[in-house]
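Have a look at the structure below, then the notes.
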Protein chains: 2
Amino acid sequence: MVDPLSAVPVYVQVADAVAARIANGDLEPDRPIPSEEHLRQDFEVSRGTVRHAVALLRERGLVVTVPGRGTYVLDRSQ
Amino acid sequence: MVDPLSAVPVYVQVADAVAARIANGDLEPDRPIPSEEHLRQDFEVSRGTVRHAVALLRERGLVVTVPGRGTYVLDRSQ
DNA sequence: CTATATTTGTGCGTATGTATG
DNA sequence: ACATACATACGCACAAATATA
């Protein structure tokens with residue numbers, strides 16, 4: 001869930017939520033995270049906000065994005 | 001480059017810089033100027049400031065903006 | 001080879017909130 | 001009160017890359 005009234009920007013909330021799913025193993029290494037459209041519906045935010053969140057995850061080194069395919073959880077075990 | 005400390009507003013400085021590129025032929029008639037995002041990165045300003053600058057160029061009759069496509073240098077030779 | 005579906009990339013339009021001078 | 005400037009967040013449309021039928 002996301003709180004639009006929070007001082008924490010929505011895109012940060014979304015990024016943190018996805019990061020948590022990576023941390024707890026719900027989203028596994030080398031597997032794609034949900035598509036932008038899927039995340040958009042899940043969190044009920046705009047696609048722009050989702051893309052902002054995913055960009056944050058890339059900056060944090062948690063995922064890599066492949067155009068036309070999707071965004072994948074980075075395997076940091078190797 | 002842009003000087004945030006100048007008495008000349010940043011959005012005017014950006015508009016003048018783009019106008020100069022049109023005047024010297026760097027940006028050609030019927031061709032798009034760099035996107036808002038590109039200009040934003042070039043000048044290291046916010047998108048709002050870029051849009052303010054482009055609005056100024058429209059008022060000056062130097063460019064036309066096509067929603068969803070881009071902003072084009074007006075051909076004043078015809 | 002073509003066509004379609006999916007997904008990300010790009011581009012502009014708009015609105016609101018915050019901060020500063 | 002006003003202008004400037006930034007950040008956030010919504011929307012729409014189309015392009016490009018990829019995968020598959």
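Within segment B:16-29, can one find any residue that is farther than 19 Å from B:Gly61 by Cβ and over 10 Å from the mean Cα position of the chain (by Cα)? Break it down into steps so the answer makes sense when it comes.
Going through segment B:16-29, the residues farther than 19 Å from B:Gly61 by Cβ turn out to be none.
Looking for residues that are farther than 19 Å from B:Gly61 by Cβ and over 10 Å from the mean Cα position of the chain (by Cα), one finds none in segment B:16-29, hence no.
Out of curiosity, is A:Leu5 more than 14 Å from every other protein chain (Cβ to nearest Cβ) and away from DNA strand D (no atom under 16 Å from the Cβ)?
Working: more than 14 Å from every other protein chain (Cβ to nearest Cβ): yes; away from DNA strand D (no atom under 16 Å from the Cβ): no.
No.
In segment B:50-78, what residues are crowded, with 18+ Cβ neighbours inside 10 Å and within 16 Å of B:Val2 (Cβ to Cβ)?
B:Val50, B:Ala53, B:Val54, B:Leu56, B:Leu57 - these are the residues of segment B:50-78 that are crowded, with 18+ Cβ neighbours inside 10 Å and within 16 Å of B:Val2 (Cβ to Cβ).
Check B:Asp26, B:Asp42 and return the single one that is out of contact with any Cys (no Cβ under 6 Å at 6 or more places or on another chain) and more than 14 Å from DNA strand D (Cβ to nearest atom). If you could, list the steps in order and put the result at the bottom.
On the way: B:Asp42 fails: more than 14 Å from DNA strand D (Cβ to nearest atom).
Unique residue meeting the criteria: B:Asp26.
Suppose we filter A:Arg21, A:Arg47, A:Arg51 for residues that are among the basic types (Lys, Arg) and within 13 Å of A:Gly70 (Cα to Cα); which single one remains?
Values: A:Arg21 fails: within 13 Å of A:Gly70 (Cα to Cα); A:Arg47 fails: within 13 Å of A:Gly70 (Cα to Cα).
Every option except A:Arg51 fails the conditions.
Checking A:Tyr11 against (1) surrounded by 11 or more Cβ atoms within 10 Å (Cβ to Cβ); (2) under 21 Å from A:Asp75 (Cα atoms), which single condition isn't satisfied?
(2)
Please enumerate the residues belonging to segment B:14-40 that are within 14 Å of chain A (Cβ to nearest Cβ) and surrounded by 12 or more Cβ atoms within 10 Å (Cβ to Cβ). If you could, list the steps in order and put the result at the bottom.
Filtering segment B:14-40 down to residues within 14 Å of chain A (Cβ to nearest Cβ) leaves B:36-37.
B:Glu36 - this is the single residue of segment B:14-40 that is within 14 Å of chain A (Cβ to nearest Cβ) and surrounded by 12 or more Cβ atoms within 10 Å (Cβ to Cβ).
Report every pair of residues separated by at least 6 positions or lying on different chains whose Cβ atoms are under 7 Å apart, first residue within segment A:45-74 and farther than 21 Å from A:Asp30 by Cβ, second assigned to a loop (DSSP other than H, G, I, E, B) and hydrophobic (A, V, I, L, M, F, W, C).
Final answer for the pair search is A:Val45/A:Val2.
Here's the yes/no breakdown for (1) within 28 Å of A:Gly48 (Cβ to Cβ); (2) β-branched (Val, Ile, Thr):
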{"residue": "B:Met1", "(1), (2)": "no, no"}
{"residue": "B:Val8", "(1), (2)": "no, yes"}
{"residue": "B:Ala15", "(1), (2)": "yes, no"}
{"residue": "B:Ala20", "(1), (2)": "no, no"}
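Looking only at helices (runs of 4 or more DSSP H) that fall completely inside chain B, which ones have 3 or more residues that are away from DNA strand C (no atom under 12 Å from the Cβ)?
Where helices (runs of 4 or more DSSP H) fall fully within chain B and carry at least 3 residues being away from DNA strand C (no atom under 12 Å from the Cβ), they are B:10-23.
Taken together, the values in this text are just the output of simple stated rules run on the coordinates, not laboratory data. Small disclaimer: the values here were computed from a predicted structure and weren't measured. Every residue, glycine among them, receives a Cβ derived from its backbone with ideal geometry; neighbour counts consider all protein chains shown.
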